[in-house]
Amino acid sequence: MKLRIRGNSLRLRVTRPELEQLASAGKVEESVPFPGGAQLRYTLRVDPAAQALTAAYRDDVIDVRIPSGQFRDWQRENQVSLRAGGDLTILVEKDFACLVAREGEDDSNAFAHPDGPKAC
C-alpha cells in the first residue's frame, strides 16, 4: 500500500493482493521506521459501523476506514477510487501498473492499467 500526504489530503493506493486481504481480513497495514525506533503506521480497514470514508490520527497511526457497503462496490473492477472531502480529503484507489517503465518500480501486483497493456 502506498501513502501520499500532500497538504490536507491523504491518498492510499492498494494493490490486488492488498484488496484481497481487505476482503478476507478486513485490514491492511504498513509502517515506516525512523531512526531512534519511532515508527509511523498507516492502516486501511473495512468497518461495518462506519457511515462514511474517514481518517483519524492517533498514537503515530493513520487509520483510514471504509464502510462495508462502499468497500463491496469498490471491489468491482470498474470502480477505481473512493473519495471523501471536507477539512481532509481522502482518496483510496486501486494501484494501476505504469504505462512507462520506471527503474526501481515493481508493478507485478498492480491492477492492469485501463489505458493500455502493462508496460513495466
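The values are calculated or read from the model by the stated rules, or taken from the named source; none is laboratory data. Remember, it's a predicted structure, so these values are computed and weren't measured experimentally. Here Cβ is always computed from backbone atoms with ideal geometry, including for glycine, and neighbour counts include all displayed protein chains.
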Review point. In the list Thr15, Thr89, Thr54, which residue meets the criterion of being without any contact (Cβ under 8 Å) to a residue 40 or more places away in the chain and either of a type in the set (Phe, Trp, Tyr) or surrounded by 15 or more Cβ atoms within 10 Å (Cβ to Cβ) (or both)?
Key: Thr54
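Being in a loop (DSSP other than H, G, I, E, B) and either within 16 Å of Met1 (Cβ to Cβ) or modelled with pLDDT of 95 or more (or both) is true for just one of Asp106, Asp63. Which residue is that?
Working: Asp63 fails: in a loop (DSSP other than H, G, I, E, B).
Going through Asp106, Asp63 in turn, the sole match is Asp106.
For the subset of the stretch 31-46 comprising residues that are touching a Phe, Trp or Tyr at 6+ places or on another chain (Cβ under 9 Å) and over 20 Å from Gln75 (Cβ atoms), which member is surrounded by the most Cβ atoms within 10 Å (Cβ to Cβ)?
So in the stretch 31-46, the residues touching a Phe, Trp or Tyr at 6+ places or on another chain (Cβ under 9 Å) come out as 31-32, 40, 46.
In the following step, the residues that additionally are over 20 Å from Gln75 (Cβ atoms) were identified as 31-32, 40.
Working: Ser31: 12, Val32: 11, Leu40: 15.
Selected residue: Leu40.
How many residues does the stretch 73-98 hold that are out of contact with any strand residue (DSSP E or B) (no Cβ under 9 Å at 6 or more places or on another chain) and charged (D, E, K, R)? Even if it seems obvious, please write down each step before you answer.
As a first pass, look at the stretch 73-98 and keep what is out of contact with any strand residue (DSSP E or B) (no Cβ under 9 Å at 6 or more places or on another chain): 75-76, 78, 85-87, 98.
Applying the additional criterion that residues be charged (D, E, K, R) yields 76, 87.
Qualifying residue count, the stretch 73-98: 2.
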Practice item. Identify the single condition in (1) among the aromatic types (Phe, Trp, Tyr); (2) closer than 17 Å to Thr15 by Cα; (3) at pLDDT 95 or above that Tyr57 does not satisfy, given that it satisfies every other one. Key: (2)
